[in-house]
1. Within the stretch 258-269, is even one residue under 28 Å from residue 144 (Cα atoms), touching a residue at least 24 places away in the same chain (Cβ under 8 Å) and not in a loop (DSSP other than H, G, I, E, B)?
2. Against the conditions (1) over 18 Å from residue 154 (Cβ atoms); (2) not in a loop (DSSP other than H, G, I, E, B), where does residue 209 fall short? Just the number, please.
3. Is at least one residue of the stretch 148-167 within 13 Å of residue 277 (Cα to Cα) and touching a helix residue (DSSP H, G or I) at 6+ places or on another chain (Cβ under 6 Å)?
4. Residues of the stretch 176-186 being in a loop (DSSP other than H, G, I, E, B) and either crowded, with 22+ Cβ neighbours inside 10 Å or touching a helix residue (DSSP H, G or I) at 6+ places or on another chain (Cβ under 9 Å) (or both), which ones?
5. Name the pairs: first residue in the stretch 182-197 and in contact (Cβ under 8 Å) with a residue 60 or more places away in the chain, second residue part of a helix (DSSP H, G or I) and surrounded by 15 or more Cβ atoms within 10 Å (Cβ to Cβ), Cβ to Cβ under 7 Å, at least 6 apart or on different chains?
6. For residue 171, state whether it is assigned by TED's automatic domain parsing to the domain that holds residue 264 and at pLDDT 90 or above.
7. Within the stretch 187-197, identify whether any single residue is part of a loop (DSSP other than H, G, I, E, B), at pLDDT below 90 and in contact with a helix residue (DSSP H, G or I) (Cβ under 8 Å, 6 or more places away or on another chain), and answer yes or no.
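The values are calculated or read from the model by the stated rules, or taken from the named source; none is laboratory data. Because the structure is predicted, anything quoted here is derived from the model rather than measured. Every residue, glycine as well, gets a Cβ built from its backbone with ideal geometry; the counts of neighbours run over all protein chains shown.
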């Protein structure tokens, strides 16, 4: 039997974890401070761990508190989704679809895709959340979301994938680099350099493709910095922290402090893909709209 008091205590825990101050958390929850303090103490006794370190000026999470925070945040997201579904059901909505997407998809094709899908299905509730590629993939497989927009090069027996964009990778190197005057560079030319890499959570397809290509050339990239976006990757290269492999159209965005050289090896990656499992009318429409609006990165670069 579910103890719904635990849900309330976890809600209090989340507010305090995010506010890091009992007074502000109590105000956010619409209660006074003593009940909040009491419920947090009861939660700690129930879980048999100390969740917060308290001082006069601030409240911080203990390692145990940090460990359970992501799970509580997911629970809150699911509760918000359930509330939205119930509200939509009352209003006669016919379907709930949740999309998890990387930032580039959110600012790229998704605004027009979601707008057109809502015109086709005015009673459907289409929710959107920003996620890394790997996180979106995991949540799709656990059925926490219905559609994932990320960088995926292939599907599985369960997950269908369509690539919406692809591009060749070029070497981005600081302008003062010894290879800056060459017409093209090979991967092996970069074996002794520090590398700035997108972390695997941000882009599994990119990380695996680059790592495998380097190993084929007889070395593993010496990664000095892992970053979460291509913008950060380029910024680190401009600052001289290493070299990187980036989609060809990035040359338009960062013209100074860095030079872009074609790779001797042809290395191409998916820059945008859509993945899904179930195929309802709304999901099918979103997939089809995405395919209709896709723009290849080399077309963007030459536009």
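1. Taking the stretch 258-269 first, the residues under 28 Å from residue 144 (Cα atoms) are 269.
Checking which are touching a residue at least 24 places away in the same chain (Cβ under 8 Å) leaves us with 269.
After this cut, where a residue has to be not in a loop (DSSP other than H, G, I, E, B) as well, the list is 269.
Taking every residue of the stretch 258-269 in turn, at least one turns out to be under 28 Å from residue 144 (Cα atoms), touching a residue at least 24 places away in the same chain (Cβ under 8 Å) and not in a loop (DSSP other than H, G, I, E, B).
2. (1)
3. Step one: filter the stretch 148-167 for residues within 13 Å of residue 277 (Cα to Cα), giving 148-149, 155-162.
When the remaining residues are screened for being touching a helix residue (DSSP H, G or I) at 6+ places or on another chain (Cβ under 6 Å), the result is 148-149.
Within the stretch 148-167, one or more residues are within 13 Å of residue 277 (Cα to Cα) and touching a helix residue (DSSP H, G or I) at 6+ places or on another chain (Cβ under 6 Å).
4. Of the stretch 176-186, the ones in a loop (DSSP other than H, G, I, E, B) are 176-177, 182-184, 186.
Once the filter is applied, which keeps residues that are in a loop (DSSP other than H, G, I, E, B) and either crowded, with 22+ Cβ neighbours inside 10 Å or touching a helix residue (DSSP H, G or I) at 6+ places or on another chain (Cβ under 9 Å) (or both), the stretch 176-186 yields only 182.
5. Between residues of the stretch 182-197 that are in contact (Cβ under 8 Å) with a residue 60 or more places away in the chain and residues that are part of a helix (DSSP H, G or I) and surrounded by 15 or more Cβ atoms within 10 Å (Cβ to Cβ), the close pairs are 185/179; 187/213; 187/214.
6. Numbers: assigned by TED's automatic domain parsing to the domain that holds residue 264: yes; at pLDDT 90 or above: yes.
Taking the combined requirement at face value, the residue satisfies it.
7. Restricting attention to the stretch 187-197, the residues satisfying the condition of being part of a loop (DSSP other than H, G, I, E, B) are 191-193.
Adding the requirement that they be at pLDDT below 90 leaves none.
There is no residue in the stretch 187-197 that is part of a loop (DSSP other than H, G, I, E, B), at pLDDT below 90 and in contact with a helix residue (DSSP H, G or I) (Cβ under 8 Å, 6 or more places away or on another chain).
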